[in-house]
Each structure stands twice: as C-alpha cells, then as structure tokens.
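The values are calculated or read from the model by the stated rules, or taken from the named source; none is laboratory data. Because the structure is predicted, anything quoted here is derived from the model rather than measured. Surface accessibility is based on the protein's heavy atoms, side chains included, excluding ligands, DNA and RNA. Shrake-Rupley method; radii C 1.70, N 1.55, O 1.52, S 1.80 Å.
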Amino acid sequence: MATDIATDSRGGTGMRVAELAAAVGLSPDTIRYYERAGLLPPPGRTAAGYRMYQFDAVDRLRFVQGCQRLGLRLREIADLLAVRDTGVCPCEPAEQLLRRRMAEVDAELARLSALRAEMAAMAAALPSAGCPPPEPGRWCPPGDEGR
C-alpha cells in the first residue's frame, strides 16, 4: 500500500489520520480518541488544519494494540507510555501490570470453571425423554426433584 506523504505547516512530513488508521488497522475515530485520551501526542497540523502524525505513531499504536490484547486498560497503557516517553525502560511497571492482569485472568478462569461444572451438573440432572411442560420457576417436573 502506497502512503501519500504530506507536508505539515512546519515543513515536516507525516501521515494524515486516515493514513495512520489504515497503517494500523484502526478507524480514524479511534485514532482521534486515543489522541484525546493522551495515548498519542497532539500531532502537528497542515496549513489546512489536518492532523499530521509522525511516522513513529505507527509503532506507538502497535504498542497500544499489543497492550490491549493483553487486557491492559487504557489508563494503564497511558502510564506505560508516559514512562517510555521519559526514555526509561517500562519493563518494571509493565511486569507489575502483567502480573496483576494474570491474577485477574486466573480468577476469571476459576470462576468460569466453576460455572461450567455447575452447568454440566445441571444438564446431567435434566430429564432426557418425555419431559412434561415445565412449571414456572422450576427446572424439573413435579416428583423429579432429585434429578
């Protein structure tokens, strides 16, 4: 895909919002939202007022997408980017966030496993053939309480 390179009002080159969005597989509205949320620094503008993003915005947005795939919240991603923007390695705060996220995933897996076991027991207890019409608020017909 050929990317048109435009010149901003300061004479630099970059990409317009639609070009950046296409490069990372997001919508232009998402790009603008990330800018408002502080995940992208405010871009320069062309003489006509169009946003002109630097090419490093592609890497920044791919970092955001990777963090989101791991389940990190935008606030947490913004914190990591703030550390990264200072030139300090964000590995230590990233490790803390990922360990906390892993604990959340483990808790959710345990909850889902218990839910699955409950559903399996309920399915096994249901009568299979010749089930009479159900009564409101009951799973089993009268007389089949133990099934």
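Sort segment 77-128 into rounded, prolate or oblate with this rule: let a ≥ b ≥ c be the square roots of the eigenvalues of the Cα gyration tensor; rounded if a/c is under 1.5, and if a/c is not under 1.5, prolate when a/b is larger than b/c, oblate otherwise. Verdict is prolate for segment 77-128.
Rolling a 1.4 Å probe over the protein chains gives Tyr33 an accessible area of about 110 Å². Compared with the alpha-carbon gap, the fully stretched path from Arg73 to Tyr33 is longer by 13.0 nm at 0.36 nm per residue.
The Cα-based radius of gyration and maximum Cα-Cα distance (Dmax) for segment 15-111 are 15.3, 56 Å. Listed values for segment 80-90 are Karplus-derived 3J(HN,Hα) couplings in whole Hz (6.51 cos²θ - 1.76 cosθ + 1.60, θ = phi - 60°), namely 5, 5, 4, 5, 4, 5, 7, x, 8, 5, x, and x replaces Gly and Pro.
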